[in-house]
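S.K.: The structure that follows is given in the form of structure tokens.
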Ligand SMILES: NC(=O)c1ccc[n+]([C@@H]2O[C@H](COP(=O)([O-])OP(=O)(O)OC[C@H]3O[C@@H](n4cnc5c(N)ncnc54)[C@H](OP(=O)(O)O)[C@@H]3O)[C@@H](O)[C@H]2O)c1
């Protein structure tokens with residue numbers, strides 16, 4: 001569908017890398033001007049230039065750290081003033097730790113809990129209430145909320161992350177029911193693995209999607225689905241997991257222990273390859 005019919009501008013949170021950057025580029029390639037919201041001015045400038053050069057669209061950047069909580073929203077609202085915002089992509093999100101771990105097994109859990117909740121949960125309704133009134137006035141608008149497969153079913157060893165993502169899933173579905181009649185589409189996207197910083201830039205393959213490939217396929221589902229895995233590969237994985245890994249098995253001590261062991265092996269391998277890479281870079 002022609003996404004420009006929603007309005008001139010799209011706003012993307014967490015837009016300087018990974019899925020957010022891919023959505024921003026894809027939306028620009030489909031003719032929308034883009035507001036990029038992220039925490040690093042340097043990265044924002046680079047992505048904005050890239051979009052302007054490559055797609056000839058206008059950009060606006062807003063620096064905000066979503067872990068800071070409610071204090072950041074007045075400045076974001078000011079940055080959005082006067083724009084006809086047709087699409088909001090609530091993409092920003094962070095994991096609780098860089099690998100699978102029990103709830104207390106992270107450094108400084110007190111700080112981390114607040115950061116993850118502020119970033120993954122608070123950002124979604126706060127950004128939504130800023131753009132929604134104007135969308136309702138115009139009788140059209142699209143809000144895309146990036147949840148996760150870990151927000152479809154409970155995922156032990158990602159407990160806080162998984163819980164924040166089910167919040168995004170439920171919020172999206174309820175909001176869609178409330179505002180559909182006013183011309184607003186709210187879509188919840190629940191991906192499996194996408195190659196990005198969050199997933200240590202693992203190689204894309206038939207299970208792991210590239211961020212750009214994912215955003216392209218996911219945007220093609222707009223207008224057809226208010227809840228999606230985002231791409232065919234992830235939809236098939238969702239079906240397979242439902243059949244092969246029922247909740248009683250997923251939540252069992254047996255599987256949690258297996259996952260912990262597997263994670264230890266993967267983490268050791270990853271750290272060794274990172275060290276190797278650093279050494280090679282030093283030698284060069
Ligand atoms: N990758 C996956 O496999 C996967 C699977 C399911 C769901 N998701 C969800 O998809 C979304 C995007 O994930 P991703 O993999 O693309 O992550 P990513 O590569 O780590 O990118 C995250 C983006 O958000 C920005 N960001 C991070 N923390 C921020 C903060 N506190 N304030 C402002 N901006 C911040 C980052 O900016 P900096 O560059 O400055 O860090 C970056 O632009 C998340 O909601 C994630 O939960 C990802």
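The values are calculated or read from the model by the stated rules, or taken from the named source; none is laboratory data. On a predicted model such as this, the values are computed, not experimentally measured, just so you know. Because the Cβ atoms are built from the backbone with ideal geometry, glycine has one as well, and the counts that use them run over all protein chains shown.
S.K.: Could you say whether any residue in region 154-168 is in the same structural domain as residue 27 (by TED's automatic domain parsing), in contact (Cβ under 8 Å) with a residue 40 or more places away in the chain, surrounded by fewer than 17 Cβ atoms within 10 Å (Cβ to Cβ) and within 22 Å of residue 231 (Cα to Cα)? Give the derivation first.
M.R.: Restricting attention to region 154-168, the residues satisfying the condition of being in the same structural domain as residue 27 (by TED's automatic domain parsing) are 154-168.
After this cut, where a residue has to be in contact (Cβ under 8 Å) with a residue 40 or more places away in the chain as well, the list is 154-161, 164-165, 167-168.
Adding the requirement that they be surrounded by fewer than 17 Cβ atoms within 10 Å (Cβ to Cβ) leaves 154, 159.
Still in the list and also within 22 Å of residue 231 (Cα to Cα): 154.
Yes - at least one qualifying residue is present in region 154-168.
S.K.: Ok, one more. For region 1-92, which fully contained helices (runs of 4 or more DSSP H) count at least 2 residues that are under 29 Å from residue 200 (Cα atoms) and either over 17 Å from the mean Cα position of the chain (by Cα) or in contact (Cβ under 8 Å) with a residue 40 or more places away in the chain (or both)? Show your work before the answer.
M.R.: Details: elements: 18-29, 41-55, 73-80.
Where helices (runs of 4 or more DSSP H) fall fully within region 1-92 and carry at least 2 residues being under 29 Å from residue 200 (Cα atoms) and either over 17 Å from the mean Cα position of the chain (by Cα) or in contact (Cβ under 8 Å) with a residue 40 or more places away in the chain (or both), they are 18-29, 41-55.
S.K.: Can you tell me how many residues in region 128-148 are within 16 Å of the ligand (Cβ to nearest atom) and either over 18 Å from the mean Cα position of the chain (by Cα) or at pLDDT below 95 (or both)?
M.R.: Summing the residues that are within 16 Å of the ligand (Cβ to nearest atom) and either over 18 Å from the mean Cα position of the chain (by Cα) or at pLDDT below 95 (or both) in region 128-148 gives 1.
S.K.: Those residues that are more than 16 Å from the ligand (Cβ to nearest atom) and either buried (at least 24 other Cβ atoms within 10 Å of the Cβ) or within 15 Å of residue 222 (Cβ to Cβ) (or both), I need them from region 1-20; list them, please.
M.R.: In the first step, residues of region 1-20 are kept if they are more than 16 Å from the ligand (Cβ to nearest atom); the result is 1-9.
Those that are more than 16 Å from the ligand (Cβ to nearest atom) and either buried (at least 24 other Cβ atoms within 10 Å of the Cβ) or within 15 Å of residue 222 (Cβ to Cβ) (or both): 1, 2, 3, 4, 5, 6, 7.
S.K.: Given the criterion in contact (Cβ under 8 Å) with a residue 24 or more places away in the chain and more than 14 Å from the chain's Cα centre (by Cα), identify the matching residue among 225, 229. Please lay out each step first, then the result.
M.R.: Details: 229 fails: more than 14 Å from the chain's Cα centre (by Cα).
None of the others qualify; the one that does is 225.
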